[in-house]
Amino acid sequence: MSENYERESWGPYPLILASAAVGVGLIFLIDVRWGGFAVGAVLMLGAALRFAGYGGPLAVRSRITDVITLGLSGFVLVLSSLLLYNNALKALIQSLFSG
């Protein structure tokens with residue numbers, strides 16, 4: 001009996017999950033800025049891997065939707081972690097958006 005079983009591919013999902021867990025641990029144990037930066041970087045890494053065609057459990061929606069959602073979320077987390085205690089950088093960004 002030769003039954004064809006489709007093997008489920010996890011792809012980079014365990015790496016992304018473990019890295020995100022480390023980032024959340026950094027938030028609680030070390031510093032909010034470092035943890036937020038790490039989680040944001042992991043989200044952007046997930047976006048890059050999803051763009052490269054790796055799916056597995058990372059593939060929730062269409063590829064372009066996943067890449068935009070993960071990339072934008074990661075970028076916002078990294079930017080907000082950089083802005084958290086940096087008043088000079090906050091003033092620079094606010095001056096860019098003020099008329």
* Which of the residues spanning segment 59-82 are in contact with a Leu (Cβ under 6 Å, 6 or more places away or on another chain) and over 18 Å from P12 (Cα atoms)? -> S73
* Does F28 satisfy the condition of being at pLDDT 85 or above, hydrophobic (A, V, I, L, M, F, W, C) and loosely packed, with under 11 Cβ neighbours inside 10 Å? -> yes
* Between residues in segment 64-83 that are among the β-branched types (V, I, T) and residues that are surrounded by 18 or more Cβ atoms within 10 Å (Cβ to Cβ), which pairs lie under 6 Å by C-beta distance while being six or more apart or on different chains? -> V67/A47; V67/R50; V78/F37; V78/G40
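Residue-wise test of (1) at pLDDT 80 or above; (2) of a type in the set (D, E); (3) surrounded by 15 or more Cβ atoms within 10 Å (Cβ to Cβ).
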position	(1), (2), (3)
M1	no, no, no
F37	yes, no, yes
A41	yes, no, yes
G46	yes, no, yes
D66	yes, yes, yes
* Asked: Somewhere in segment 72-87, is a residue at positive phi and in a helix (DSSP H, G or I)?
  -> no
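The values are calculated or read from the model by the stated rules, or taken from the named source; none is laboratory data. Keep in mind that this is a model prediction, so the values were computed, not measured. Cβ sites come from the backbone with ideal geometry, for glycine too, and all protein chains shown count toward neighbours.
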